[in-house]
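Read through the structure below, which is laid out as structure tokens, and then see the notes.
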Number of protein chains: 2
Amino acid sequence: MVDIATRVYNHTWKIDPIVRSVLDTDFYKLLMAQTIFRRMRDVQVTFGIRNRTKEVRLAEMIDEGELREQLDHMRSLRLTPGESTWLRGNTFYGKRQMFSPEFMDWLEEFRFPEYLLEKRDGEYVLTFHGPWIETTMWEIPALSILNELRSRSVLKDMGKFELQVLYARAMARVWEKITSLRELPDLSISDFGTRRRHGFLWQDWCVQAMSEGLGSHFLGTSNCLIAMRREVEAAGTNAHELPMVYAALANDDEELLKAPYKVLEHWQQDYEGNLRVILPDTYGTTHFLEHAPEWVANWTGIRIDSKDPFVGGEEAIAWWKSRGQNPKEKLAIFSDGLDVDTIRAIHKKFHGRMRIGYGWGTLLTNDFRGFAPEGKLDPISIVCKVISADDRPTVKLSDNPTKAMGPRAEIERYQRVFEVGKQVAKPVIV
Amino acid sequence: MVDIATRVYNHTWKIDPIVRSVLDTDFYKLLMAQTIFRRMRDVQVTFGIRNRTKEVRLAEMIDEGELREQLDHMRSLRLTPGESTWLRGNTFYGKRQMFSPEFMDWLEEFRFPEYLLEKRDGEYVLTFHGPWIETTMWEIPALSILNELRSRSVLKDMGKFELQVLYARAMARVWEKITSLRELPDLSISDFGTRRRHGFLWQDWCVQAMSEGLGSHFLGTSNCLIAMRREVEAAGTNAHELPMVYAALANDDEELLKAPYKVLEHWQQDYEGNLRVILPDTYGTTHFLEHAPEWVANWTGIRIDSKDPFVGGEEAIAWWKSRGQNPKEKLAIFSDGLDVDTIRAIHKKFHGRMRIGYGWGTLLTNDFRGFAPEGKLDPISIVCKVISADDRPTVKLSDNPTKAMGPRAEIERYQRVFEVGKQVAKPVIV
């Protein structure tokens with residue numbers, strides 16, 4: 001029988017919004033937002049989209065009108081009472097009242113700020129300029145929207161049956177991956193795939209699949225909305241934008257050198273336990289660790305992101321030992337371009353030597369590789385990064401020069417200050 | 001939104017019937033029924049179920065009460081006016097009015113006759129005794145019911161999510177097979193999978209998949225109900241039960257020897273064109289072809305069933321040539337235990353040398369191999385065969401002695417009459 005009400009409800013939508021909730025974002029955005037809210041809310045920060053997959057020209061696939069509709073729809077959203085209740089009342093990382101009443105009051109009133117959109121050379125130039133506390137909120141939904149609009153541009157030409165087979169194949173693939181992961185002892189893995197997901201419904205399915213297939217070995221999802229609806233843990237810590245803005249605001253080389261540690265100082269005033277995870281690679285992991293104040297070694301763990309995971313893991317172990325810490329009590333979170341093979345290899349190398357967590361992103365929530373002709377549903381490497389803070393350009397060096405960003409002169413200054421020599425480029429998969 | 005009406009409709013079913021229509025059967029049953037109706041309707045014929053997969057004990061998996069409910073439900077069915085209209089008005093094998101008004105009048109009044117069910121040694125002994133024209137109708141639904149009840153006995157312990165993944169994997173597998181078949185030039189393939197299907201809904205899906213994926217290279221389905229609903233061709237010709245009953249009714253060895261050809265004589269009075277396909281293996285293909293009257297070589301084609309397909313194909317070509325026929329104008333239908341690898345190999349060997357058709361059964365509609373622990377959803381080799389006609393035992397020799405059936409003394413007599421020597425046993429896959 002036809003459920004007329006559902007059909008009528010669906011066909012009265014002017015658009016089919018991709019992001020329907022302020023909470024359809026990564027948990028780390030809220031954690032960082034609170035830290036920003038407390039100290040730096042009025043710093044003027046510009047975020048911009050950068051598509052590192054040059055052969056995919058989004059402006060040729062995605063209609064500008066549709067993109068504007070989706071972005072405009074975002075601006076109509078506000079936190080719902082139920083969502084606010086959940087954030088205020090839920091336990092995150094074992095702690096109640098993670099978010100202060102002041103921050104929650106702000107979040108309830110929050111609206112997404114304006115965006116700037118133009119087309120240039122077959123690419124969209126999409127930027128967000130304004131108070132950091134507001135522009136930071138755009139990162140995840142802007143990426144989700146671009147990625148899903150790209151998926152939709154391919155899906156709209158497929159028949160009902162083709163679509164069914166497409167998702168059957170995708171489900172079979174994800175399930176095969178999960179089955180393979182089940183064999184790993186003491187596995188602890190989270191979904192970090194919001195930004196690059198194939199689509200919202202698909203990420204939601206992937207989270208359920210992980211939950212069903214891995215049980216307590218599935219730690220949770222970075223996506224707040226899905227965490228709330230599916231009653232799983234919300235997961236995530238912090239990102240490069242913190243040291244990047246702190247660094248840009250430094251008035252001289254000495255302040256610049258200290259900026260990444262100042263981030264950690266602020267962070268540990270706000271968060272404890274498993275949220276104290278260092279992200280050391282913004283200006284080179286090796287220098288960061290060597291020059292880190294003693295208290296940094298007391299933190300719970302390290303996130304190994306742009307560095308080769310095997311090199312990065314060994315480096316973390318050696319560093320903890322050099323600081324008199326027991327690596328077996330420390331946590332290493334791997335989160336860069338993971339897929340089952342990498343996870344298995346990392347696990348083989350490091351299991352038993354330290355606590356390990358995995359943040360599995362794109363190849364969990366968007367592994368449609370080979371499912372459409374010419375790889376049209378293959379994931380692309382697209383990011384939304386801080387470009388400037390209070391009109392000063394931001395810089396990222398990372399451990400992989402392919403991921404470096406910023407004006408050339410500034411990059412050179414940062415390389416000098418952080419004593420970063422020649423780096424070996426790695427291809428960026430996703 | 002919940003479609004309350006659908007849910008209420010579903011939960012008022014006392015049982016969820018597996019077979020809901022007289023037409024949920026193979027097309028060849030109706031063709032044979034018409035031939036029987038015209039000449040032999042009152043011959044008393046017993047059909048019986050035989051499960052050749054000894055390690056699967058159906059009576060231990062399927063509840064007797066449930067089985068009786070399903071069989072009893074069958075007995076409440078009758079042809080609906082819409083179904084009758086379709087059979088009367090549709091074109092089958094290019095011909096209108098395939099079924100005579102007299103036969104259609106009978107079919108409209110038809111009810112499934114009684115069944116006998118007992119348990120013996122962990123197996124069900126399920127037999128149908130009565131006029132041939134009635135008992136013949138039980139073959140396909142009885143098998144579909146047993147196979148689907150077995151599937152259900154496994155499925156009922158699976159969670160909602162597990163089920164979704166199960167069907168996603170099955171869909172991905174079927175689609176992969178179809179994609180592989182697409183590469184074959186001049187492919188012509190039909191679904192013959194009603195009797196051993198995983199379930200009705202699954203067969204229905206497989207037919208749509210074949211239709212979508214192969215276009216005009218998908219000839220149709222043996223299942224009348226699905227052919228009607230999905231508007232594809234109904235496919236099928238005839239089966240071993242015809243020569244088996246004709247042979248059992250022979251009064252001496254001479255009549256016995258002629259019985260298989262008498263079947264063809266009757267058949268060609270009723271059907272023409274692509275329905276004139278010899279099924280030569282009931283008492284050995286080689287003897288059948290050697291002794292066939294000249295007019296048999298004028299028939300359109302041969303079905304190669306229990307014989308090794310490569311040997312059987314060469315034999316058919318050689319035989320046609322020996323009878324002055326051009327094999328390139330002849331049709332060979334392969335239908336035994338097919339899967340993609342076999343189909344590809346057969347195609348490689350015979351494409352261009354004769355017209356080829358494939359009747360793809362169990363490994364199309366029930367390839368759940370490896371999808372449940374201990375192979376509990378793997379297909380089994382179960383048949384429903386004629387046991388006796390007018391109280392005389394029936395015999396089948398086949399080209400594969402594993403498939404032979406009948407009392408030992410009778411088998412020996414048939415072997416003598418049809419000059420069948422030592423045969424090489426092949427394992428029966430499905």
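The values are calculated or read from the model by the stated rules, or taken from the named source; none is laboratory data. These figures come from a predicted structure and were not determined experimentally. Cβ atoms come from the backbone with ideal geometry, glycine included; neighbour counts cover every protein chain shown. With ligands, DNA and RNA removed, areas are computed over all heavy atoms of the protein, side chains included. Shrake-Rupley method; radii C 1.70, N 1.55, O 1.52, S 1.80 Å.
Any idea which of (1) at pLDDT 95 or above; (2) at negative phi is the one A:TYR93 doesn't satisfy?
The number of the failed condition is (2).
Do any helices (runs of 4 or more DSSP H) entirely within segment B:331-430 hold 2 or more residues that are under 22 Å from B:GLU55 (Cα atoms), and if so, which?
Here the list reads B:362-365.
In segment B:115-195, which helices (runs of 4 or more DSSP H) lie fully inside it and hold 3 or more residues that are within 14 Å of another protein chain (Cβ to nearest Cβ) and open to solvent by 10 Å² or more (accessible area, probe 1.4 Å)?
Passing ranges, in order: B:160-181.
Only residues that are open to solvent by 40 Å² or more (accessible area, probe 1.4 Å) and over 30 Å from A:ASP367 (Cβ atoms): list them for segment A:294-336, please.
Across segment A:294-336, the qualifying residues are A:GLU294, A:TRP295, A:ASN298, A:ALA318, A:LYS321, A:SER322, A:ARG323, A:GLY324, A:GLN325, A:ASN326, A:LYS328, A:GLU329.
What number of residues in segment A:337-353 are more than 21 Å from A:GLU176 (Cα to Cα) and open to solvent by 10 Å² or more (accessible area, probe 1.4 Å)? It would help to see each step written out before you state the result.
Step one: of segment A:337-353, the residues more than 21 Å from A:GLU176 (Cα to Cα) are A:349-353.
Those left that are additionally open to solvent by 10 Å² or more (accessible area, probe 1.4 Å): A:349, A:351-353.
Total satisfying the criteria: 4.
The rows are residues; the columns are (1) under 29 Å from A:ARG182 (Cβ atoms); (2) surrounded by fewer than 22 Cβ atoms within 10 Å (Cβ to Cβ); (3) at pLDDT 95 or above.
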{"position": "A:ARG355", "(1), (2), (3)": "yes, yes, yes"}
{"position": "A:ASP367", "(1), (2), (3)": "yes, no, yes"}
{"position": "A:GLU374", "(1), (2), (3)": "no, yes, no"}
{"position": "A:VAL386", "(1), (2), (3)": "no, no, yes"}
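Only one of A:THR53, A:THR80, A:THR85 is in contact with a strand residue (DSSP E or B) (Cβ under 9 Å, 6 or more places away or on another chain) and surrounded by fewer than 18 Cβ atoms within 10 Å (Cβ to Cβ); which?
On the way: A:THR80 fails: in contact with a strand residue (DSSP E or B) (Cβ under 9 Å, 6 or more places away or on another chain); A:THR85 fails: in contact with a strand residue (DSSP E or B) (Cβ under 9 Å, 6 or more places away or on another chain).
Going through A:THR53, A:THR80, A:THR85 in turn, just one is in contact with a strand residue (DSSP E or B) (Cβ under 9 Å, 6 or more places away or on another chain) and surrounded by fewer than 18 Cβ atoms within 10 Å (Cβ to Cβ): A:THR53.
Identify all residues within segment B:7-28 that are in contact with a helix residue (DSSP H, G or I) (Cβ under 6 Å, 6 or more places away or on another chain) and either at pLDDT 95 or above or crowded, with 21+ Cβ neighbours inside 10 Å (or both); write none if there are none.
B:ILE18, B:VAL19, B:SER21, B:LEU23, B:ASP24, B:THR25, B:ASP26, B:PHE27
From the list B:GLY236, B:GLY220, which residue is buried (at least 22 other Cβ atoms within 10 Å of the Cβ), more than 14 Å from every other protein chain (Cβ to nearest Cβ), within 27 Å of B:GLU83 (Cα to Cα) and without any contact (Cβ under 8 Å) to a residue 60 or more places away in the chain?
B:GLY220
Which one of these is closer than 29 Å to A:VAL263 by Cα and in a helix (DSSP H, G or I): A:PHE99, A:PHE37? Quick ask: steps written out before the conclusion?
On the way: A:PHE99 fails: in a helix (DSSP H, G or I).
Only one candidate passes the filter, namely A:PHE37.
Can you tell me which of A:MET74, A:MET104, A:MET32 is in contact with a Lys or Arg (Cβ under 7 Å, 6 or more places away or on another chain), among the aliphatic types (A, V, I, L, M) and outside any loop (DSSP other than H, G, I, E, B)?
Just one listed residue meets the conditions, A:MET104.
List the residue pairs whose Cβ atoms are under 9 Å apart, where the first residue sits in segment A:2-14 and is facing another protein chain (nearest Cβ under 10 Å), the second is charged (D, E, K, R) and not in a loop (DSSP other than H, G, I, E, B), and the two are 6 or more positions apart or on different chains.
Pairs that qualify, where the first residue is facing another protein chain (nearest Cβ under 10 Å) and the partner is charged (D, E, K, R) and not in a loop (DSSP other than H, G, I, E, B): there are none.
Among the residues of segment A:35-49, is any modelled with pLDDT under 95 and more than 14 Å from chain B (Cβ to nearest Cβ)?
The answer is yes, given that some residue of segment A:35-49 is modelled with pLDDT under 95 and more than 14 Å from chain B (Cβ to nearest Cβ).
Output the residues belonging to segment A:56-67 that are in a helix (DSSP H, G or I) and open to solvent by 80 Å² or more (accessible area, probe 1.4 Å). Can you show your working first?
Of the residues in segment A:56-67, the ones in a helix (DSSP H, G or I) are A:58-61, A:64-67.
Result: A:GLU60, A:GLU66.
Got a sec? Which of A:ASP121, A:ASP63 is at positive phi and of a type in the set (Asp, Glu)?
Criteria check complete, one pass: A:ASP121.
Just checking, how many residues over segment B:9-28 are in a loop (DSSP other than H, G, I, E, B) and within 19 Å of the chain's Cα centre (by Cα)?
8
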